[in-house]
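Okay, structure first, notes after.
The values are calculated or read from the model by the stated rules, or taken from the named source; none is laboratory data. Everything numeric in this text was worked out from a predicted model, so none of it was measured. Quick reminder, even Gly has a Cβ in these numbers, built from the backbone with ideal geometry, and neighbours come from all protein chains shown.
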Amino acid sequence: MTPREIFDRLDAQHPGADTELHFRNAFELLAATMLSAQCTDARVNQVTPALFARYPDARALAAATPDELEPLIQSTGFFRVKARNLQAMAAELVARHGGRVPADMDALTALPGVGRKTANVVLGHALGVPGWPVDRHVLRVAARIGLIHTDDAVIAERQLCALLPASRWTRASDALILHGRRVCKPKPLCDSCHIRTGCAYFTSLGAKAARPRTATRPATPGTKRRRTPRKS
């Protein structure tokens, strides 16, 4: 099965795949994605309505203090670091970009608390610039399928982008993420997977099941079997 066929099947299994973060503009998506680190999208979606009601744009958020932000985002975890990063990110947007979110990878990753994954989410979903966000789900699922052979997110992004035209990158990432959340979990639900016939992990399971077991010769009665010490 070719990479395109794999992603065609993922599209069919997860129709309408998209980010599950709620947002109305690029600024809101940038802040929400920063909050989603080590936190579920569902939890972030519970927090952001009150946050954006109080701080609707970069200028308002830049004028806040971390102490004011912390109670609003506490349930997302690591809230002190996130509060500092949110305020600093907004201040940089105001100082360098007139309060607008730049449609440029280098400019986005120069902002405090913004890495390539967050930048790609914002570029692809809010600014119309193709990007392939790589998170833990993408790394796990793509490696299991056999599309990548690395656990480095930057290398994985480059390898995955080479498999499809740029117009499909964002949606393909969304499909991998949803597949990782719903089907290809840490303990995968292979019976529910539409791409198992093209998956290296599923193929390896079949090979293991078909492999004959080596018979163990029983010990001679009255003798003790020697044990081989395990390597530590």
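Okay, here's what the table says:
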{"read-out": "Inter-residue pairs, beta-carbon under 7 Å, first part of a loop (DSSP other than H, G, I, E, B) and in the range 20-45, second among the small types (Gly, Ala, Ser), 6+ apart", "value": "Leu21/Ala32; Leu21/Ser36; Phe23/Ala32; Phe23/Ala126; Asn25/Ala126; Gln38/Gly77; Cys39/Gly77"}
{"read-out": "Hits in the range 1-19 (condition: part of a helix (DSSP H, G or I) and hydrophobic (A, V, I, L, M, F, W, C))", "value": "Ile6, Phe7, Leu10, Ala12"}
{"read-out": "Residue in the range 114-122 that is at pLDDT 95 or above, part of a loop (DSSP other than H, G, I, E, B), over 19 Å from the mean Cα position of the chain (by Cα) and of a type outside the set (Gly, Ala, Ser) present", "value": "no"}
{"read-out": "Qualifying residue in the range 118-130 (condition: surrounded by fewer than 23 Cβ atoms within 10 Å (Cβ to Cβ) and free of Cβ contacts under 8 Å to residues at least 24 places away in the same chain)", "value": "no"}
{"read-out": "Check on Thr203, among the β-branched types (Val, Ile, Thr) and crowded, with 20+ Cβ neighbours inside 10 Å", "value": "no"}
